[in-house]
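These notes are about the structure you will find just below.
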Amino acid sequence: METDDVTGGVPAADTAARVREVITAAGVSQREFARRIVMDPSKLSRSLSGTRRFTAAELARIADEGRVDAGWLLGARHREHAEPAPDAGPAAAVPVEGGRPLQIVRETVRLIAEHGFHAVRVADIARACATSSAAIHYHFPGRADLLEASVRWCMDEDTARRAARLAEADDAAAELRQLIELQTPRTAQQRRQWAVWLDLWAEAARSTAVGRLHTEYYRQWRETVADVVRRGIEQGVFRSSADPESAALTLTALIDGLATQVLAAGTEGTGAESAGADAMHAALLAHVRTTLLA
């Protein structure tokens, strides 16, 4: 059980109860609130149930999202409007879309895509957010915390886009085409997503936390593909002899390998990268036609 005690003697149950008040006032589910504060939903659940204590950084992000004072979460008698993060400067008073923690994570992801994680300094992130390094550390004490939050945000964004694409499809074959289109690095956003993901592959081998997220992301992705293949078999658009898990594993490997080649072929906006994305897309559709379509 984690015991990072930041309550200063205040019973953890009291802090958990106040966090529950914040979540209720936000009018969203517990999972959605965890997404907004870039926190592992299971950690939030354990903290609310009393088997884990909130860290100082987590309470800072909760206070930021709920627009309450962090001191109130820790036991101050009166609920107050959130104060700016320490040494955050004048910009801290300016409302930020999605709140300061999400702004920090979004800018971190953008900088990782452009320069690579190890080339990005906290000062660079602070400059991009028009705030101070102290404000960054207030929400994310270390680079490991920021990296884990960035990976989690990328996963959440990808999951949301995947659900939206699947909702547009008429049958399982169309669903699979939508998933393939989503993973083909054509747009600037898709290339940025792939650039971050490739940078994190190596980091996953060194970081236990990132490694767990990396494994979980691939598990979710393969389950999504396997479920689509199962539906396709039931609908008669895919071969009855197809193995959903094997099909998901093979398609994932092809996507990863081809996308790596596309990004290595040229920089954004070059003809080589555009042609590579088209070739990748065609190869993936050909694979589906020859191995899955009935």
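The values are calculated or read from the model by the stated rules, or taken from the named source; none is laboratory data. These figures come from a predicted structure and were not determined experimentally. Areas reflect the complete protein model, heavy atoms only, side chains present, ligands, DNA and RNA absent. Shrake-Rupley method; radii C 1.70, N 1.55, O 1.52, S 1.80 Å.
Overview of results
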quantity: Cα-only Debye scattering, the chain: base-10 log of I(q)/I(0) at q = 0.09, 0.13 Å⁻¹; calculated: -0.53, -0.96
quantity: Exposure rank, largest accessible area first [TRP201, TRP221, TRP153; 1.4 Å]; calculated: TRP201, TRP153, TRP221
quantity: Global form of the stretch 169-292, assessed from the alpha-carbon gyration tensor, a/c cut-off 1.5; calculated: oblate
quantity: Within the chain, helix-based [θ] at 222 nm, where runs of 4 or more DSSP H residues each add -39,500 (n - 2.57), nearest 500; calculated: -22500 deg cm²/dmol
quantity: Distant-in-sequence amide H partners of PHE238 (H built 1.01 Å from N, under 5 Å); calculated: ILE233, ALA294
quantity: Shape category assigned to the stretch 207-253 from the gyration tensor of Cα positions, a/c cut at 1.5; calculated: prolate
quantity: Solvent exposure of the stretch 99-145 as accessible area per residue, Å², 1.4 Å probe; calculated: 41 Å²
quantity: Descending Cα extents along the principal axes, the stretch 99-145, whole Å; calculated: 23, 18, 15
quantity: Accessible carbon and sulfur surface of the stretch 99-145 relative to its total accessible area, %, 1.4 Å; calculated: 56 percent
